[in-house]
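Each remark here refers to the structure printed beneath this line.
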Amino acid sequence: MNKESALYAVIEKEYPEVDYGKGMYIYDKQGKRYMDCAAGIGVVNIGHGVKDVIDKMTRQAEKISFVYGGTFTSDVRRRLADKIVSIAPKGMDKVFFCSGGSEAMESLMKIARQYQLEAGRPKKNKIISRWQSYHGNTMGTLALGGRPSWREKYEDFFPKNISQIVPCNCYRCPYRLEEESCSCQCAQELERKIKYEGPDTVAAFVMEPITGTTAAAITPPQKYMKKIREICDKYEVLFCVDEVITGFGRTGKNFAVDHYQITPDLIGFAKGLGSGYVPIGGVIVHKKIVDVIAAGTGALTHSFTFSGNPLACAGAEAVLDYIMEHGLIERSRKMGEIFLEKLQPLKKYPVVGDIRGIGLLLGVEFVKDCNTKEPLDFNFSAEISQYCFQHGIMITGGVTGSADGILGDALQIAPPFIISEEEIKQVAAMLEQAIEETMRKYQL
């Protein structure tokens, strides 16, 4: 058994020890270099070792690192909130800060419930989300998510007022329809679910606008998102989006919902705002929710010890400033288009079923048969990810369930926004090698 005191996710695994990171690359203690084409896990959007961010964090730490948010505010907390609201969809009004994505989505659920209570709708105590989603790793957010392999050990502890509907996945439409001619039956499933539960009992609907690791960059059509917004409005259900991975430029716009020209009621965020320099997350709250709570109890019944602490806010502000000053959101869009194009030759392999995504959130789904879309009976993406890692490129793979929640797997390709066209070519070439080697290994 591993003799270290640190408890790792895989207890017997021997992890390489990191030394430092710079730009697109991470270096281990043996001197080996890895291209970080995973941005950690969709986190390090600006790249590693940005001196400007580190210097601003240091200056803040020299002044004060922590103050309890229930006692003091700080100028950096105010500034950061202002900057986030300024780039958020119109109507978003205030920002609640916490320390990461799971906390953000827990907070979002609690804010949704308090809003319905203060709006005079106390029976609205249920939340609907979607299968094949991921919203965090706390008990509440695991219940909210739709990743069966992560849920099964803990379901006895889950709250009973959270349920799921089928996701929108045009590659694997559960109704066997074509996107161009369908009537968005998957969106209409939400209305059926609301009616089944009772419209006076449903508080919120929560979804990833573009799916993260569980199904790797599934992007719904415009009509789906617009229909979801209409259904939520019809039944006084809050439309809530999890932008933990997509927020702050990952998809080539400020937020993924910006692709659809719609405004949600609550936005959960985390990863990219801190870019790995600080642990930070939060919820952007629409004015209609703020106004109702302000006119009611006047207090949000929710907080965390580290909410809005000055050091985390300073790091996040520095990251956001760096993104904006260097045009990295537009770069994410441009590099994403190039990357998607460079991945197209992978379609020559019979195991590659779908290549998809937007901006620098891309997915490659593997199948046993391209015609039937039957999933493979082993984790192909984990083999690809491991091969690439051994050869100095980090790509996220290994989460099963992209096909139906149980079977199917896909690579998530989500590099820092600073990736170059030459580095994209290197990754595409490495993926070809990895696929060919894995096909030989398993005689496919």
Apart from one, (1) among the small types (Gly, Ala, Ser); (2) touching a strand residue (DSSP E or B) at 6+ places or on another chain (Cβ under 6 Å); (3) not in a helix (DSSP H, G or I) all hold for SER107; the odd one out is (3)
Reported set for the range 73-93 where residues are in contact (Cβ under 8 Å) with a residue 24 or more places away in the chain and under 21 Å from the mean Cα position of the chain (by Cα) is LEU80, LYS83, ILE84, VAL85, ILE87, ALA88, PRO89, MET92
Residue set GLN412, GLN426; condition under 28 Å from GLY31 (Cα atoms), outside the structural domain of ARG250 (by TED's automatic domain parsing) and surrounded by fewer than 23 Cβ atoms within 10 Å (Cβ to Cβ); output residue GLN426
ALA215 fails exactly one of (1) surrounded by 24 or more Cβ atoms within 10 Å (Cβ to Cβ); (2) more than 13 Å from the chain's Cα centre (by Cα), namely (2)
Residues in the range 378-397 that are surrounded by fewer than 17 Cβ atoms within 10 Å (Cβ to Cβ) and free of Cβ contacts under 8 Å to residues at least 24 places away in the same chain total 2
The condition of being in contact (Cβ under 8 Å) with a residue 60 or more places away in the chain, hydrophobic (A, V, I, L, M, F, W, C), surrounded by fewer than 23 Cβ atoms within 10 Å (Cβ to Cβ) and not assigned by TED's automatic domain parsing to the domain that holds TYR25 holds, among VAL278, VAL257, only for VAL278
All conditions in (1) surrounded by fewer than 21 Cβ atoms within 10 Å (Cβ to Cβ); (2) closer than 25 Å to GLU14 by Cα; (3) among the hydrophobic types (A, V, I, L, M, F, W, C) are true of LEU340 except (2)
Counting only residues in the range 1-48 that are in a strand (DSSP E or B) and β-branched (Val, Ile, Thr), the one farthest from GLN426 (Cα to Cα) is identified as VAL18
In the set ALA294, ALA299, the lone residue that is over 25 Å from TYR134 (Cα atoms), assigned to a helix (DSSP H, G or I) and either out of contact with any Leu (no Cβ under 9 Å at 6 or more places or on another chain) or in contact (Cβ under 8 Å) with a residue 24 or more places away in the chain (or both) is ALA294
Checking THR301, THR297 in turn, the sole residue that is in the same structural domain as THR71 (by TED's automatic domain parsing), of a type in the set (Ser, Thr, Tyr) and touching an Asp or Glu at 6+ places or on another chain (Cβ under 7 Å) turns out to be THR297
Might you let me know whether the range 326-348 holds any residue that is touching a Cys at 6+ places or on another chain (Cβ under 8 Å), more than 15 Å from ILE435 (Cβ to Cβ) and in contact (Cβ under 8 Å) with a residue 60 or more places away in the chain?
no
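The values are calculated or read from the model by the stated rules, or taken from the named source; none is laboratory data. Every value quoted in this text rests on a predicted model; they were computed, and no experiment measured them. Every residue, glycine among them, receives a Cβ derived from its backbone with ideal geometry; neighbour counts consider all protein chains shown.
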